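The values are calculated or read from the model by the stated rules, or taken from the named source; none is laboratory data. None of the values given here were measured: they were computed from a predicted structure. Methodologically, a virtual Cβ is constructed for each residue, glycine included, from the backbone with ideal geometry; neighbour enumeration extends over all protein chains shown.
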Amino acid sequence: MDAHQVSRLTARWIENLPGEGSTVVSGLGVQPLLAILAELADDPARTELAEAAGGRYGGLLQTPELRMALGLWTRPEIELQPGVDRFLPPEVRGTLTDQAALDAWVVEHTDGLVRRMPIELNPDVLLVLASALALRTKWALPFTEYPRGERRWLSRTDYDLDTVRVFESPAGPLTVVTVVGTGEFDVRLVAGEAGRGAVLAAALELSGDGVSGSELLARERSAPALEVIESMSPVPSVILSLPYFEVDAEHDLLEHPEVFGLRAAMDNSQGHFPGLSPQPLAVDQAKQAVMARFSATGFEAAAVTAMAMAAGSAPTPGAKALLISLERPFGFIALHRPTGVPVVAGWVNYS
């Protein structure tokens, strides 16, 4: 799984979403499906899908904290080509029967964080290809939770100044705070002056080390959502506060076919996937249901991405502290630390 491929796809998707409200997406949930379909398609769908995927299918990312799964269901009359086994062996395949069976697969493979397959099963649907992922990680340094107005608020003091960095980006200066997990996953919290799409797209493609928290404190430099304050602790620290948040969303990928390389594959005047089935097939639905939850003790996220196909026609007192108070809209990105692969990216806007 290539971090650049997933980051690029996620950034393009975020930039194309309308509005500034809270949302969350998982490029990691989409990329394997696009890469597999590219391998099984003919042109022009193959070229478009391969460009959107950013490379060939490289397997699923699996760790003790992150589970990923693929599933393929077909109507009994749909024959599959032998080459499908390279990506979707018989043990992940099933017969397309009813919505309840699909929903049960979703619950099993997301630990119940998502409850329903996000496609509409109707008589035209001949095949469903889906991915699921579930991430659960605990914080190395938990937060204290307390009520603040109508919301639950989280706060903690960290003595590792360099969990905070400020980057210059095409979206302007970005304050990035890394909340470290006990395993292989961290969550980056991102504040900037620009809007949702610009901030998150820039945060997904940051390069360099930025300006460290130690340097920010020494220079007494402010940045978006960050200021240098006097604290009661004799040791320099990072004071981070933010609301508890839980964000969920459902996305229709066909609203942005150019992002996912699906424009040609949607054309039902012909089939596009001879490597998948001799039956002419075109993409009829492509959706994702996704959620993320940031609490005092850890982070949870899950996503289910599904593509349905229908028939195509034949063919110290006084010590300083860095205070980051996320009272403005802010972004979040859950990252696999060893590879840099983003699992989900989203935006919290309670204004």
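The combined condition, being at pLDDT 95 or above and within 21 Å of V125 (Cβ to Cβ), is fulfilled by F273.
Are any residues in the stretch 65-118 over 24 Å from E39 (Cβ atoms) and part of a loop (DSSP other than H, G, I, E, B), and if so, which ones? E65, P76, T97, D98, T110, D111, G112, L113, V114, R115, R116, listed by residue number.
Among the residues making up the stretch 231-263, those that are in contact with a strand residue (DSSP E or B) (Cβ under 9 Å, 6 or more places away or on another chain) and among the small types (G, A, S) are S231, S233, S237, S241, A249. Give all pairs with beta carbons closer than 7 Å in which a residue from the stretch 272-298 that is over 14 Å from P118 (Cβ atoms) and assigned to a strand (DSSP E or B) meets a residue that is hydroxyl-bearing (S, T, Y) and at pLDDT below 95; count only pairs at least 6 apart in sequence or on separate chains. Note: no pairs meet the criteria. Tell me, yes or no, whether the stretch 107-126 has at least one residue that is in contact with a helix residue (DSSP H, G or I) (Cβ under 8 Å, 6 or more places away or on another chain), assigned by TED's automatic domain parsing to the domain that holds P280, buried (at least 18 other Cβ atoms within 10 Å of the Cβ) and not β-branched (V, I, T). Scanning the stretch 107-126, I find at least one residue that is in contact with a helix residue (DSSP H, G or I) (Cβ under 8 Å, 6 or more places away or on another chain), assigned by TED's automatic domain parsing to the domain that holds P280, buried (at least 18 other Cβ atoms within 10 Å of the Cβ) and not β-branched (V, I, T), so the answer is yes. The conditions of being touching a helix residue (DSSP H, G or I) at 6+ places or on another chain (Cβ under 6 Å), buried (at least 18 other Cβ atoms within 10 Å of the Cβ) and closer than 30 Å to P18 by Cβ are not met by G210. Of everything in the stretch 204-229 that is assigned to a strand (DSSP E or B) and over 27 Å from the mean Cα position of the chain (by Cα), the residue that is farthest from V341 (Cα to Cα) is I229.
Looking only at the stretch 189-207, residues that are under 18 Å from P329 (Cβ atoms), surrounded by fewer than 21 Cβ atoms within 10 Å (Cβ to Cβ) and in contact with a strand residue (DSSP E or B) (Cβ under 6 Å, 6 or more places away or on another chain) come to 0 in all. For S169, the test of being more than 30 Å from A69 (Cβ to Cβ) and either touching a helix residue (DSSP H, G or I) at 6+ places or on another chain (Cβ under 8 Å) or outside the structural domain of T297 (by TED's automatic domain parsing) (or both) is passed. Evaluation of V304 against the conditions (1) buried (at least 20 other Cβ atoms within 10 Å of the Cβ); (2) on the phi > 0 side of the Ramachandran plot shows that the sole unmet condition is (2).
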